[in-house]
Structure formats: structure tokens, C-alpha cells
1. Of all residues in region 69-78, count the ones that are touching a residue at least 40 places away in the same chain (Cβ under 8 Å) and surrounded by fewer than 16 Cβ atoms within 10 Å (Cβ to Cβ).
2. Might you check whether a residue that is in contact with a strand residue (DSSP E or B) (Cβ under 6 Å, 6 or more places away or on another chain) and among the charged types (D, E, K, R) occurs anywhere in region 25-39?
3. Only one of these is crowded, with 21+ Cβ neighbours inside 10 Å and among the acidic types (Asp, Glu): 168, 134. Name it.
4. Look at residue 23 and say whether it is among the polar types (S, T, N, Q) and open to solvent by 20 Å² or more (accessible area, probe 1.4 Å).
5. Going by the structure shown, is residue 73 in a helix (DSSP H, G or I), at pLDDT 90 or above and within 23 Å of residue 118 (Cβ to Cβ)?
6. So is residue 44 surrounded by fewer than 20 Cβ atoms within 10 Å (Cβ to Cβ) and closer than 22 Å to residue 166 by Cβ or not?
7. Can you name every residue in region 101-116 that is in contact (Cβ under 8 Å) with a residue 24 or more places away in the chain and of a type in the set (A, V, I, L, M)?
8. Of all residues in region 79-100 being part of a helix (DSSP H, G or I), closer than 30 Å to residue 26 by Cα and touching a residue at least 60 places away in the same chain (Cβ under 8 Å), which is most open to solvent (accessible area, probe 1.4 Å)?
Amino acid sequence: MIDTVLFDLDGTIIDTNELIISSFQHVMGGWEHSAPWTREQIIPHMGGTLEQQMRTFSGQEEVSEYVKGYRAYNDIHHEAMVRPFPHVIEVVEALHQAGIVMGVVTTKIRPSTLKVLERFDLLKYMKTIVTVTDVTNPKPHAEPVLKAMTELGADPAKTLMVGDSPVDIQSAQNAGALSAGVAWSLKGETTLNGYGPDYMLHDMRDLLKLIRIETGRS
């Protein structure tokens, strides 16, 4: 019986994919030592922390200036390029009405997380928000999911972590929680299935079907 649902943010409930890719390519365009990575090369690394990704793409350890440039570009274009995935808002509202406790577990920083949740009026439904700045060890470590469950007083056996990245699935597994991948992930359903999620959602409304089956709600 699932009574708690934790959501990843980017690529899971909020479509920030094109904004993220264009932000990376904007920063890379200023590099003299290497050509920008292609979209296809960037996608497999999405889901980790921004610093981790920048180190991978740049080959450098000190990436604070790159991170600053990324966030500046991202902030400018955020309003025009970000939207919820189909049926997210109606599903979150329905889960709330059904008494399901919800939260967000993300590798974004807190200000940008709150900004996008507030913009689409989703913040009011989230009883906990765990960002990359709230933990010592980000996903795929268990800490982010464990922290969310502790704050909610949730039972891991009744908690579902929903995400678009292998690190979401791994973090849930490491924390003893259930996991669900989303087939709209840019990484692809086949890639996610390789990490053994308990469920795969092909449409956000599948989550309602899953909760009804698990809880007996009609």
C-alpha cells in the first residue's frame, strides 16, 4: 500500500529538458579548449548534480564559473522554456485529494526548485522538499530519499520515488523505498529498466492507476 510519493523534478514532473541542454551548450560555446558536447552526449549525464556534469563536460575540477554562467542563462530563459509534463497537475491534485503524502527530491538547488514549483502552483502539495543543498551525499546515495522519508515519517515499504534518471531509481533502492521510472525520460525506457525499477510509468496518469491498485481507492 503506497501512501507516500516522492518526485524528482527535472525531466520527471517538469519539462526542463531543452532548457538544460541549451544552458549547457551555451556555456560550452565559450570554451576555447574543446568543442561543445552534442545533445546526444549530454543526455546520459543529466540527473547528476550540476557540478558533476560540468566537471565531466569540461574535464576540469574547478567549475564554479561555468556553473555561474549556466545558472545565469538558465534563469533568463526559464519562463519561456519550462512547463509541466502532460497530466502532472491533475495527477498531483488527485493524489492530494486521495490523501497521498507527496514531496520532491531533486539535485537542483533550493531557490530554483521553489521557483518552478511556485510557478505551476505545485508547491502547496509538497510536504517536504529535499534539494542538493540539503544533503551531503546527493542521489544516487540513499541520503536524499532517506531525508525526505524521515521528514514525512514515511515507511520505506509504502514510499514510491518517481524519476527519469538511473540515480533516482538507485537512490530509492539504496533507501529501501519503491521506485518508478518514467518512460518519457530522455534516457529512454530501456535504459531505466536496466536499473530494475519496481514500476514504469508511460503516462503520468498511470500513477493514479498504480495507487488505486495498491490502496484500493476508486
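The values are calculated or read from the model by the stated rules, or taken from the named source; none is laboratory data. Everything numeric in this text was worked out from a predicted model, so none of it was measured. Note that we place each Cβ from the backbone using ideal geometry, even for glycine, and neighbour counts take in every protein chain shown. In case anyone asks, the SASA skips ligands and DNA or RNA and just uses the protein heavy atoms, side chains included. Shrake-Rupley method; radii C 1.70, N 1.55, O 1.52, S 1.80 Å.
1. Summing the residues that are touching a residue at least 40 places away in the same chain (Cβ under 8 Å) and surrounded by fewer than 16 Cβ atoms within 10 Å (Cβ to Cβ) in region 69-78 gives 1.
2. Among the residues of region 25-39, not one is in contact with a strand residue (DSSP E or B) (Cβ under 6 Å, 6 or more places away or on another chain) and among the charged types (D, E, K, R), which makes the answer no.
3. 168
4. no
5. yes
6. For residue 44, the condition - surrounded by fewer than 20 Cβ atoms within 10 Å (Cβ to Cβ) and closer than 22 Å to residue 166 by Cβ - is met.
7. 101, 102, 104, 105, 109, 116
8. Just the residues of region 79-100 that are part of a helix (DSSP H, G or I), to begin with: 79-81, 88-97.
Pick out the ones that are also closer than 30 Å to residue 26 by Cα and you get 79-81, 88.
After this cut, where a residue has to be touching a residue at least 60 places away in the same chain (Cβ under 8 Å) as well, the list is 81, 88.
Numbers: 81: 53, 88: 2 Å².
That would be 81.
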